[in-house]
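Single-structure report; data block below.
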Amino acid sequence: MSKLGFGPVGMTVEISPDGRHLDEAAALEELGYSAIWLRGGQLDKLSRIAEVAGATTAVPVVPGIIPVDVYAPGEVTRLYAELQASAPGRFVAGLGGPQVPQPLRPLHDYLDQLDQGAPPVPASRRILAALGPRKLEIARERAAGAVLLLVTPDYTRTARGILGPRATLVVSLLVALRADAARAREAARGPLRFLSGVPGYRASFTRMGFTSSDIDSLSDELVDRLVPWGGTESITERVNEHLRAGADHVALTVLDNDDQPAIDSARQLAGSVLT
């Protein structure tokens, strides 16, 4: 299976009720970000993906991720058919979950239904959120690759070894463009407080060598190793570490910064991460 053409660095847009994110997506494409990602937790309806595809011209548009326990396979199939007609080759179905004690069988069932859809959503046009070895193996066998969130470059290297050389490996990277350590770490701890309570992420943090104390307290070491912060140079260096460790693409999500809107942070980063 050929790799997805995501390019090296993409950017996430945050859906806004007034539709401002559509203008931001167009601006990000103009800046040179090679893929546009939508935050999965904000997907109140799948038509958001088609709207972003319509607001841009050529970049891949990827939800990160569509939760499979929220949207039925038929809804994803219909969206894929619609976008193949209006924006051929630009939509990749980013899929994740389900958040249940034994998720692998329901995930296989969901992928089976996508295989059998009318039209099918082929493995070559889907990518799976995957952290542990078993989900990475499923991503290798039943999708074009995997998306990792909140991982160290060392774990990116481990994931590449499991996926093999042909699969696409994406690292979804939260970044805090703040010079002040206390403020940057507090911005990072916002999403970490929630995700550290999700069993799959807690297990992932443990696999990467973090202690229970690190996870429970969201220690500075855990924050610093998972969420790069500071100026554009330090964030760019972390992006490059993941690329050198085997990532094909790094999808950036700029954490809230009261000092400037996310799109301005994206513009600031573009001069460094896209060169």
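Computed values, structure above
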| read-out | value |
| --- | --- |
| Residue list for segment 220-236, restricted to those being closer than 18 Å to residue 150 by Cβ, of a type outside the set (Lys, Arg) and open to solvent by 20 Å² or more (accessible area, probe 1.4 Å) | 220, 221, 224, 229, 234 |
| Qualifying residues in segment 192-206 (those that are among the hydrophobic types (A, V, I, L, M, F, W, C) and part of a helix (DSSP H, G or I)) - the one most open to solvent (accessible area, probe 1.4 Å) | 194 |
| Search result, residues across segment 172-184 that are aliphatic (A, V, I, L, M), open to solvent by 40 Å² or more (accessible area, probe 1.4 Å) and not in a helix (DSSP H, G or I) | 179 |
| Selection count, segment 129-160, where residues are free of Cβ contacts under 8 Å to residues at least 60 places away in the same chain and farther than 14 Å from residue 173 by Cβ | 14 |
| Counted residues, segment 2-43 - those being open to solvent by 30 Å² or more (accessible area, probe 1.4 Å), of a type outside the set (Ser, Thr, Tyr) and on the phi < 0 side of the Ramachandran plot | 17 |
| Count - residues of segment 84-102 that are under 20 Å from residue 59 (Cβ atoms) and more than 20 Å from the chain's Cα centre (by Cα) | 5 |
| Any hit, segment 244-260, residues being assigned to a helix (DSSP H, G or I) and open to solvent by less than 30 Å² (accessible area, probe 1.4 Å) | no |
| Boolean, residue 49 is touching a residue at least 24 places away in the same chain (Cβ under 8 Å), open to solvent by 10 Å² or more (accessible area, probe 1.4 Å) and under 16 Å from the mean Cα position of the chain (by Cα) | no |
| Which numbered condition residue 90 fails, given (1) under 22 Å from residue 52 (Cβ atoms); (2) open to solvent by 40 Å² or more (accessible area, probe 1.4 Å) | (2) |
| Every residue from segment 15-31 that is under 18 Å from the mean Cα position of the chain (by Cα) and either within 16 Å of residue 60 (Cα to Cα) or part of a helix (DSSP H, G or I) (or both) | 21, 24, 25, 28, 29 |
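The values are calculated or read from the model by the stated rules, or taken from the named source; none is laboratory data. Fair warning: this is a prediction, and the values are worked out from it, not measured in the lab. Please note: Cβ atoms are built from the backbone with ideal geometry, for glycine as well, and neighbour counts cover all protein chains shown. For the accessible areas, the whole protein counts, side chains as well, though only heavy atoms, and no ligand, DNA or RNA atoms are used. Shrake-Rupley method; radii C 1.70, N 1.55, O 1.52, S 1.80 Å.
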